[in-house]
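Read through the structure below, which is laid out as structure tokens, and then see the notes.
The values are calculated or read from the model by the stated rules, or taken from the named source; none is laboratory data. Computed from a prediction, not measured in an experiment: that's the story for all the values here. Reconstructed Cβ throughout: ideal geometry from the backbone, glycine too, with neighbour counts over all protein chains shown.
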Amino acid sequence: MLDWPEYLKLVAGLASIVNPVGVIPIFLSLTEGLEANKRRWVAVQASFALCMVLMVSLVAGEAILKFFSISLPSFRVAGGLLILLTALSMLRAETLESRQLTETGTVDPNESPTLPDTPVAVVPIGIPLLGGPGAISTVIVYAHVQESFSHAVLVSFAIFSVSLLALMGLLISPLVDSVMGKTGMNVISRIMGLIITAISIEFIADGVKELLPGLG
């Protein structure tokens, strides 16, 4: 069974990948014009969606891998690469507007990234902004580190903890935005990006060692 520092590492790494602080500017943009109570309800729904998608990954991740005949070491390498891409995006402090510019070639600064009347709590805030491929990959990989009920319970606890942190981050988003501004949130996003870069490299290295035992 893993020791507590490993589980704390999972919580820290998963929280960095989910990056609720980095989602704050997008959350504020997508909920612009909403009353305070409605904005809080969107935050609750988004956090619940995050928790559900990660719990499904924990429970059904192994079945999905078996269905597609994917070995755990291969998925660990692929997951590490996805997490690395997420980390590199965070290190560049890439914003939704910059991604929109890359995809369409133009950005209207007065236009919201999504349609105003589109429900935004589950998609895109809950999935994939919070519960993206990197977070899903992290849960599936950690779920197979130890095959035991107690391990699954502790990973579930880590998921609930991160979901609660995401909820708190979204609820205090107006305060964080007014105090830190875009520059401060970019700094935090880059620090988190550096942390999960190291985690992704560990995932890739462990997967490669299992795929190519001779390298170990």
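Miscellaneous remarks
- The lone exception for Val107 - which of (1) at pLDDT 75 or above; (2) farther than 21 Å from Pro20 by Cα it fails: (1)
- Qualifying residue in the stretch 174-181 (condition: crowded, with 17+ Cβ neighbours inside 10 Å and under 22 Å from Ile199 (Cα atoms)): no
Residues checked against (1) closer than 21 Å to Val139 by Cβ; (2) of a type in the set (Lys, Arg); (3) in contact with a Ser or Thr (Cβ under 8 Å, 6 or more places away or on another chain); (4) crowded, with 20+ Cβ neighbours inside 10 Å:
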{"position": "Val21", "(1), (2), (3), (4)": "yes, no, yes, yes"}
{"position": "Ala36", "(1), (2), (3), (4)": "no, no, no, no"}
{"position": "Cys51", "(1), (2), (3), (4)": "yes, no, yes, yes"}
{"position": "Leu54", "(1), (2), (3), (4)": "yes, no, yes, yes"}
{"position": "Gly61", "(1), (2), (3), (4)": "yes, no, no, yes"}
{"position": "Gly80", "(1), (2), (3), (4)": "yes, no, yes, yes"}
{"position": "Ile83", "(1), (2), (3), (4)": "yes, no, yes, yes"}
{"position": "Leu91", "(1), (2), (3), (4)": "no, no, yes, no"}
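- Arg40 being assigned to a helix (DSSP H, G or I), surrounded by fewer than 19 Cβ atoms within 10 Å (Cβ to Cβ), among the basic types (Lys, Arg) and at pLDDT below 80: no
- Restricting attention to the stretch 48-86 and to residues that are among the hydroxyl-bearing types (Ser, Thr, Tyr) and in a helix (DSSP H, G or I), the residue that is farthest from Val162 (Cα to Cα) turns out to be Ser74.
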